[in-house]
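A quick write-up on the structure given underneath.
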Amino acid sequence: MGSSSWLSFSLCLLLLCRMSQAQFGSSQESPFQSSRRSVSTRNECRIERLNALEPTRTVRSEAGMTDYFDEDNEQFRCAGVSAIRRVIEPRGLLLPSMSNAPRLVYIVQGRGIVGLVMPGCPETFQSFQRSERYEREEGGRHRRPRDEHQKVYQFEEGDVLAVPNGFAYWCYNNGENPVVAITVLDTSNDANQLDRSHRQFLLAGRQEEGRQRYRREESMKENILRGFSTESLAAAFGVNMELARKLQCRDDTRGEIVRVENGLQVLRPSRREEEEREESRSINGMEETYCSMKIKQNIEDPRRADVFNPRGGRITTLNSEKLPILRFIQMSAQRVVLYRNAMVSPHWNINAHSIMYCTGGRGRVEVADDKGESVFDGELHQGQLLIVPQNYAVLEWAESEGFQLVSIKTSDRAMVSSIVGKMSALRGMPEEVLMNSYRISRDEARRVKLTRGDEVAIFTPRRESRAEA
Amino acid sequence: MGSSSWLSFSLCLLLLCRMSQAQFGSSQESPFQSSRRSVSTRNECRIERLNALEPTRTVRSEAGMTDYFDEDNEQFRCAGVSAIRRVIEPRGLLLPSMSNAPRLVYIVQGRGIVGLVMPGCPETFQSFQRSERYEREEGGRHRRPRDEHQKVYQFEEGDVLAVPNGFAYWCYNNGENPVVAITVLDTSNDANQLDRSHRQFLLAGRQEEGRQRYRREESMKENILRGFSTESLAAAFGVNMELARKLQCRDDTRGEIVRVENGLQVLRPSRREEEEREESRSINGMEETYCSMKIKQNIEDPRRADVFNPRGGRITTLNSEKLPILRFIQMSAQRVVLYRNAMVSPHWNINAHSIMYCTGGRGRVEVADDKGESVFDGELHQGQLLIVPQNYAVLEWAESEGFQLVSIKTSDRAMVSSIVGKMSALRGMPEEVLMNSYRISRDEARRVKLTRGDEVAIFTPRRESRAEA
Amino acid sequence: MGSSSWLSFSLCLLLLCRMSQAQFGSSQESPFQSSRRSVSTRNECRIERLNALEPTRTVRSEAGMTDYFDEDNEQFRCAGVSAIRRVIEPRGLLLPSMSNAPRLVYIVQGRGIVGLVMPGCPETFQSFQRSERYEREEGGRHRRPRDEHQKVYQFEEGDVLAVPNGFAYWCYNNGENPVVAITVLDTSNDANQLDRSHRQFLLAGRQEEGRQRYRREESMKENILRGFSTESLAAAFGVNMELARKLQCRDDTRGEIVRVENGLQVLRPSRREEEEREESRSINGMEETYCSMKIKQNIEDPRRADVFNPRGGRITTLNSEKLPILRFIQMSAQRVVLYRNAMVSPHWNINAHSIMYCTGGRGRVEVADDKGESVFDGELHQGQLLIVPQNYAVLEWAESEGFQLVSIKTSDRAMVSSIVGKMSALRGMPEEVLMNSYRISRDEARRVKLTRGDEVAIFTPRRESRAEA
């Protein structure tokens, strides 16, 4: 009895596990594990019109700027997400902070390092010897004592970083060019128990508020240490009042991205060493603990593509099967690169909203709602964002210069249903159902089902239709 | 350390698995796995009165009709569900569509076939030879090429069908009598991320709107292909503009249920073959993949009953232990058949709302709220629906013609606590607690606990009380 | 393929399992498994000021009293919880009831027994022989027949009891002193599907309403049996109308806590037997079924402390790793005992709200919000409650008489991030990040990171800061 029920449970897990049949490669998944909540009032989301969105407010810092999309916009509100674009100049340090919502960050451009402090994890990065640079600057007067801190990760263009809510996080541009990153925060995630506002808690510095909330304009956001009395802070840290006052950053006007004059010296493995470490871990067959969990993955490299059509483009999906931390964040990402005039098959997102951000080129996007009405039919170009609600039908069509997108989705196993092409909704139905549904002949039904042949998800336009139009 | 923590985790899974102690046979379950959300505002649901509900709007189609219950009714709103009753005439085809909410469909009457297109699953139904019928009609002029499509299921009276959100779905009546089906959609399920409205997306045809929403009356609902430009659609399908226009169904007035003049010819196994296939699968001990997951189960057959009282009636429960797909849909169903004057023990639903639909006969139903006030004390007859909120106490009592119900519940392991009878709340308490709670004697406490003897859930009235009343 | 995907799934479970890196001993956990929902409207929770809260309404019963905290208070509303303090006099019986929300109960004082009726579980407590007491009272006239009921648990000061929603529950004070208990109900838990009000359903007795809801004042709350017609009730129980009327408790004015004149005689194991039973179960390595699941755990005993600082105090955490039933209730508890002038490290709750209740002494508490503003800086003394929202930074500092707290948290694996001390956010960052963040020297950064040395979570004040202040 005991063993049989265990067996049946195992099998049910197994079954869950097997639900990884993919449409785009091995990426699509069951809609069922999402545990995101809908909002309370019926009809709250009367989306009669979608818009290509751009940031509505920019806050400049000493070494970069932060562009906020308006989270009170109905499209953001209905999807339950927030979005931020940051530009970090070379030698710019994004000060440590944490948020009430988990996030995915896509690196549009540049390279740098990121630190994520995971509570309870050991300080595994230790420096035992002098750094050359330090020696030069400080004149080699005193041997540098070792520093210990948690793991630091390198990132580069095309990486997706996964940051759980409540984890302290900082970031530094150690490259030659600005880092440009688009961040989507899932404020309606179960992990956020308060309300659906994005709340960023600074651990250092202070910054102009990114949003007019229920306060007068231009209010400053202080770091959380400023919210304690200096006396208590000094007692807690065991330092004097002067140093405690410094930690409160009272007169700091640098904003959330500050310039590190001589460059930040932190211990970090090279990209190559990092990859080797990751590989050895995956050879071992498991992540050792959550402390050594992988938090990033590149989705730009064409060799990682799940769908590749040499004349049409490619699609690369990053879900929790590939990056397990996404299981906890309940988000996933998809990179779409379309060549000249290529098209993504009309489809709908089964179990997630899709937050599409255009990283380059231009494309025509069409979106249809549950009443069969067009709620978007327009162009999306670099820097614009479009939120496609769950189940809404969408079609993307590159202009002559091509079209590059990154889509952040609100499920760790976002699942798509194509309408046409291989493994699509229409191909799954009997001919006679199509004949009677659309009042078409058997031959027409066959053309509807089969014209796209083995093309999956990405289509190259056919002469027939183009000519005729 | 590694192995011990793995062990402890396994044990905790095991424990989860073991939580299948049942009150009605092996059907009731832990309330804990539900991940349904409550609404945001306290006291939003001031249910001072429940009503026996009937559909408020009927939309006729060419070969059937669709009856909508008013989802803006407070009882539906508070339970976070929608309900629809459909009648499909013989040779009627319910056009393909998909919804934003998972649903259970109970077949009140009739038989037919249903197609469910699961994204990423193969087209496993292939026809290699001519069908006899086709030969006759088309005069055998050209050999019929094979058609391939996804699995098709047969259904009959008493079946429950489970349809996940976002999966395309069509249905055809291949019997001699109308198909009558009651559908409950769980719009507040985690799987639905937008708002709590039911949104049906047609894949073909067009239909009068079933609901006055935020639009003027009598608006038509188009299929999603109509929401794309014809040019883009032609390009995507690789077909000409004329055929693309047909796919948009611009002048279709047949509604969502259309007549198939010569009957629909689709490949399908016989009911017997289907059952054999299922059996062989369960002999193998597991579902192969979600692509071959079972989506239906009969709850009318008395041999499947969980509780059977030869003088009182029977209860058959269908939960995720019996039909694993329910785990993802987070709903379950219960069939109650009461004979003349029999009664279901007063009870409450621990972890779900119960949407009761009367399929035949008549019964008296009483419901009590958290203030011990009666919020319903009336009759329920065929075609009426009653929503019993979670935790509210309820009692069902058949009239002389008997009483048949199907209850759809908003948890895949809906759990009930009987107040009296075997395995009930009062029997679980010490005599002295009852004596002091109700100020009754030891003998009275014993009568309260034990009069019902071994009767579980279904009671036959006692002479004593009847006579006395 | 099958075995490899099973393997990968196992590994992912393993990984989940390993995420138990603790800050306070082995108690903190991944924030990710919480499946609590946020509310629907952005900015709904404008918490600009927290208050030390006390009950706002007291309802007296025959043998005790019930103090209600105002659940419409914004702080309770935003955290989605309710709180009640009960005082049960010796020989007081809290009548059986059940709630729509799971709860944790902390026994501040006293001892007693509690009965929890788990649906579907057997009546395992059976009395075969006369009790001595019964013999004496009833004069030994007739042999006492056996009584059977479900398990009864003993509790004492410092115990935490976990009660799932919808389970009938009663409680009796069999000690010499009043029982004082603080109860926190998680009304926004997924297990509650209706709205966020706390709904208590009495199974016996009647009581003045604890809350002005949408009714006139002073209304009486009846038990659920009163909501049925007497005739139906008699028929269901198979008893006469007179006894059915008694079950409805029409003229009962004793309230929810009644006096048992001669004391309640129920079968129960001694505390020692209970512990032995539990031990043997844990030696077997697993909980047999949910029917024998452990529902309580002591967190007062210093030997169970997770953090112990002989000069500062102790912290004891109770999460679902220690008490598996908490996994289903999605709550956890923490006991903090601070000695004279000791301090809990400034920290934030990563994945839960913290409902702090002061059981003794006094302390200064400071709370900072996401704008770095102080939302609370005041004293908390015995009997006061403070709700610290998720992510808000908080610091607790004992006055000279010491400070004792119990914190109930809205996640079964509540996770904390300390700001300073061993395994803290600041220690996890490189020195140079701190130097540039706070514009401090390398030496200062080192003091910030290292002054607290190996102290975890509980600090003793340093002379340096005190002197200087």
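The values are calculated or read from the model by the stated rules, or taken from the named source; none is laboratory data. The structure displayed is predicted, hence computed values, not measured ones. Because the Cβ atoms are built from the backbone with ideal geometry, glycine has one as well, and the counts that use them run over all protein chains shown. Quick note on the areas: whole protein, heavy atoms, side chains included, nothing else; ligands and nucleic acids left out. Shrake-Rupley method; radii C 1.70, N 1.55, O 1.52, S 1.80 Å.
From B:GLU399, B:GLU373, B:GLU379, which residue is touching an Asp or Glu at 6+ places or on another chain (Cβ under 8 Å), over 30 Å from B:PHE328 (Cα atoms), facing chain C (nearest Cβ under 7 Å) and charged (D, E, K, R)?
Going through B:GLU399, B:GLU373, B:GLU379 in turn, just one is touching an Asp or Glu at 6+ places or on another chain (Cβ under 8 Å), over 30 Å from B:PHE328 (Cα atoms), facing chain C (nearest Cβ under 7 Å) and charged (D, E, K, R): B:GLU373.
Quick check on my filter: what residues within segment A:45-77 are more than 18 Å from the chain's Cα centre (by Cα) and farther than 25 Å from A:MET220 by Cα?
A:CYS45, A:ARG46, A:ILE47, A:GLU48, A:ARG49, A:LEU50, A:ASN51, A:ALA52, A:GLU74
From the list C:LEU405, C:LEU434, which one is without any contact (Cβ under 8 Å) to a residue 60 or more places away in the chain and of a type outside the set (S, T, N, Q)?
Just a single option satisfies the conditions, and that option is C:LEU434.
Go through segment C:290-305 and give me each residue that's modelled with pLDDT under 90 and surrounded by fewer than 18 Cβ atoms within 10 Å (Cβ to Cβ).
Listed by number, the residues that qualify are C:CYS291, C:SER292.
Find the residue count for segment A:287-311, including only residues that are part of a loop (DSSP other than H, G, I, E, B) and within 14 Å of chain C (Cβ to nearest Cβ).
6
Looking for whichever is outside any loop (DSSP other than H, G, I, E, B) and outside the structural domain of C:ASP412 (by TED's automatic domain parsing) here; the options are C:SER188, C:SER197, C:SER232. Which one fits?
Exactly one of C:SER188, C:SER197, C:SER232 is outside any loop (DSSP other than H, G, I, E, B) and outside the structural domain of C:ASP412 (by TED's automatic domain parsing), namely C:SER232.
Of all residues in segment B:156-174, how many are assigned to a loop (DSSP other than H, G, I, E, B) and either open to solvent by 10 Å² or more (accessible area, probe 1.4 Å) or within 14 Å of chain A (Cβ to nearest Cβ) (or both)?
Qualifying residue count, segment B:156-174: 7.
I'm checking my understanding of the structure. Among residues of segment C:244-255 that are more than 20 Å from C:GLU208 (Cβ to Cβ) and surrounded by fewer than 22 Cβ atoms within 10 Å (Cβ to Cβ), which one is farthest from the chain's Cα centre (by Cα)?
So the residue we want is C:ARG245.
Among what's in segment B:324-355 and is within 14 Å of chain A (Cβ to nearest Cβ) and touching a helix residue (DSSP H, G or I) at 6+ places or on another chain (Cβ under 9 Å), pick the residue that is modelled with the lowest pLDDT.
Only one residue fits best here, namely B:PHE328.
Would you please list the contacts, defined by Cβ atoms under 9 Å and residues six or more apart or on different chains, that run from a residue in segment C:442-455 that is more than 7 Å from chain A (Cβ to nearest Cβ) to a residue that is open to solvent by 20 Å² or more (accessible area, probe 1.4 Å) and aliphatic (A, V, I, L, M)?
C:ARG442/C:MET435; C:ALA445/C:MET435
Looking only at segment C:366-378, how many residues end up being surrounded by 24 or more Cβ atoms within 10 Å (Cβ to Cβ) and either of a type in the set (S, T, N, Q) or in a strand (DSSP E or B) (or both)?
2
When segment B:386-422 is examined, which residues are found to be surrounded by 24 or more Cβ atoms within 10 Å (Cβ to Cβ), among the polar types (S, T, N, Q) and in contact with a strand residue (DSSP E or B) (Cβ under 7 Å, 6 or more places away or on another chain)?
B:GLN390, B:ASN391, B:SER407, B:SER411, B:SER417, B:SER418
Given C:GLU444, C:GLU455, which one is at pLDDT below 95 and assigned by TED's automatic domain parsing to the domain that holds C:ALA333?
The unique qualifying residue is C:GLU455.
Taking B:ALA425 as meeting all but one of (1) buried (at least 20 other Cβ atoms within 10 Å of the Cβ); (2) in contact (Cβ under 8 Å) with a residue 12 or more places away in the chain; (3) under 25 Å from C:ASN165 (Cβ atoms), write down the number of the exception.
It is condition (2) that B:ALA425 fails.
Can you tell me which of B:ARG314, B:ARG327, B:ARG335 is open to solvent by 10 Å² or more (accessible area, probe 1.4 Å), assigned to a strand (DSSP E or B) and more than 20 Å from B:LEU53 (Cα to Cα)?
B:ARG314
Can you tell me which of A:SER437, A:SER465 is of a type in the set (Ser, Thr, Tyr), at pLDDT below 90 and within 18 Å of B:LYS246 (Cβ to Cβ)?
Only one candidate qualifies: A:SER465.
Among the residues of segment B:76-111, write down those that are within 13 Å of chain A (Cβ to nearest Cβ) and small (Gly, Ala, Ser).
B:ALA79, B:GLY80, B:SER82, B:GLY92, B:SER97, B:SER99, B:ALA101
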